[in-house]
1. Looking at region 72-97, which of the residues that are over 25 Å from ILE242 (Cβ atoms) and open to solvent by 10 Å² or more (accessible area, probe 1.4 Å) is modelled with the lowest pLDDT?
2. Among the residues of region 109-122, are any assigned by the TED database to the domain that holds ALA277 and either open to solvent by 20 Å² or more (accessible area, probe 1.4 Å) or of a type in the set (Lys, Arg) (or both)?
3. Would you confirm, using the coordinates I've provided, whether ALA121 is within 15 Å of ALA282 (Cβ to Cβ) and assigned to a helix (DSSP H, G or I)?
4. I'd like to check something: does region 169-187 contain any residue that is assigned by the TED database to the domain that holds THR273 and within 26 Å of LEU215 (Cβ to Cβ)?
5. Only residues that are open to solvent by 30 Å² or more (accessible area, probe 1.4 Å), more than 24 Å from ASN77 (Cα to Cα) and not in a helix (DSSP H, G or I): list them for region 203-216, please.
6. For the condition more than 24 Å from GLU344 (Cβ to Cβ), β-branched (Val, Ile, Thr) and open to solvent by less than 10 Å² (accessible area, probe 1.4 Å), what is the one hit in VAL100, VAL57?
7. Quick one: how many residues across region 279-307 are open to solvent by 30 Å² or more (accessible area, probe 1.4 Å) and touching a Gly at 6+ places or on another chain (Cβ under 7 Å)?
8. Among the residues of region 31-54, how many are in a helix (DSSP H, G or I) and either aliphatic (A, V, I, L, M) or open to solvent by less than 50 Å² (accessible area, probe 1.4 Å) (or both)?
Amino acid sequence: MANLAWKSFKGIPLVFTLIWIVAFSAALYLMDKSVIAFLGILSSIVVVYYTNTTKSVKMAIGAIVLLLIIPLVAGENRYYMEVASQVGIYVAMALGLNIVVGFAGLLDLGYVAFFAAGAYAYAIFSTSQANEFIAGNLFPLSGEWFWPFLIVGLIVAAVFGILLGLPVLRVKGDYLAIVTLGFGEIIRIVFNNLDKPINITNGPQGITPIPSPELFGIQMGTPFYFYFIVLFVIAFIVLANIRFEHSRLGRAWIAVREDELAAQSMGISLLNTKLAAFALGASFAGVVGVIFAAKQTFIDPTSFTLMESIGILVMVILGGSGSIPGVVLGAAFVTILQVQLLKEFSNFLHGLQNAGIISLPNQLDPSKFQRLIFGIMLILVALYRPNGLIPAKRKKNDLDAIKKSEFGKEKLGILGRLSQLTSGKQS
């Protein structure tokens, strides 16, 4: 019954969407500390996605919400912009992993290693840390170098992806997951111990102070500026995802994901196709790593643990593997759950406890049950939405129209050659 009701759903009326946006925008403007109003503004993107209107109208409304409404009504609240930029960072990360897991079907549990590669690439050379192994006292670099290092982080992470892919992509399934998990842990341990004999990463003490971005003399170190930087990167990654998904390479990824043997028999190079997926997915993580390092102004190996990789994988699976809007929704939902909802719920319970209304043991603090909640969410999604919150849409071709077209009137490929040979022998 639920599936039938969902299939009969025609979309949210445009008037309701506009009322939703205006109402929560006004609520957040008048009550700048209202968490519900802020969450209502963020959820308006989902409401826009399901609105019954044209794609161009949806994009216009979504752009207005992201570029105008959120900065105007929440821009002066540093905490809300911090949450929004944090959501954007994980959305970008999940979109990068979606290429590897969603499109190519390769289970990667070491994705955070590429994130770390981009972060350390910027952190080392933008601070005096690089003077430890490069003579000439040329460092630190100014914040204006942040923009070129977005490209540098992309290239460094892509190289890491290729180096990982060359030896391990001949294995598949569970073995690939184990090997990538090991790769992620090796990278973290290497960064943790690369302070001797030559001090490159400063080991467990981390690197600080990492300069914030600078453009035309303007310091862009506040969450307000990072929000727009992350939005620009997300727009680029979404566009790249869409272009790759419908390209020849994207179709090769999907063929490998569905059946490697069939894909190989059709002439698809498994090694090259998988390497491309790893390199492209890793490159996006490297770009986000540069932004993360500049935003935090401090990084150390504890920022790049296995739980980060698992968390990003949960975002992809929860939202819908291979679905771009699903991955965006999954990443936003999980990040808001971690950063705000669990924290706010914990503060609410502590307030009740301080007022003497309830007695809550410290062991039952909701913020400590993050992994349990992740597990429950995955079980519920597996039972009721096995393809994710927003499943990937598969392109459907009209076979009857293809048969009636000019391509359907003649035999192509091997059949065409066989018919030519047969006709030649008969003549």
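1. Per the criteria, the residue is GLY75.
2. We begin by selecting, within region 109-122, every residue assigned by the TED database to the domain that holds ALA277; these are 109-122.
Among the residues that remain, those that are also either open to solvent by 20 Å² or more (accessible area, probe 1.4 Å) or of a type in the set (Lys, Arg) (or both) are: 109.
Checking region 109-122: at least one residue is assigned by the TED database to the domain that holds ALA277 and either open to solvent by 20 Å² or more (accessible area, probe 1.4 Å) or of a type in the set (Lys, Arg) (or both).
3. Values: within 15 Å of ALA282 (Cβ to Cβ): yes; assigned to a helix (DSSP H, G or I): yes.
It is true that ALA121 is within 15 Å of ALA282 (Cβ to Cβ) and assigned to a helix (DSSP H, G or I).
4. Going through region 169-187, the residues assigned by the TED database to the domain that holds THR273 turn out to be 169-187.
Narrowing further to those that are within 26 Å of LEU215 (Cβ to Cβ): none.
No, every residue in region 169-187 fails to be assigned by the TED database to the domain that holds THR273 and within 26 Å of LEU215 (Cβ to Cβ).
5. THR208, PRO209, PHE216
6. Details: VAL57 fails: open to solvent by less than 10 Å² (accessible area, probe 1.4 Å).
From the options VAL100, VAL57, the qualifying one is VAL100.
7. Qualifying residue count for the region: 2.
8. Start the filter on region 31-54 by keeping residues that are in a helix (DSSP H, G or I), which leaves 35-49.
Then drop every residue that is not either aliphatic (A, V, I, L, M) or open to solvent by less than 50 Å² (accessible area, probe 1.4 Å) (or both), which leaves 35-48.
Qualifying residue count, region 31-54: 14.
The values are calculated or read from the model by the stated rules, or taken from the named source; none is laboratory data. Just so you know, these numbers come straight off a predicted model, no measurement behind them. All Cβ positions, glycine included, derive from the backbone under ideal geometry; neighbour counts span all protein chains shown. Just so you know, the surface numbers come from the protein's heavy atoms only, side chains and all, with ligands and any DNA or RNA stripped out. Shrake-Rupley method; radii C 1.70, N 1.55, O 1.52, S 1.80 Å.
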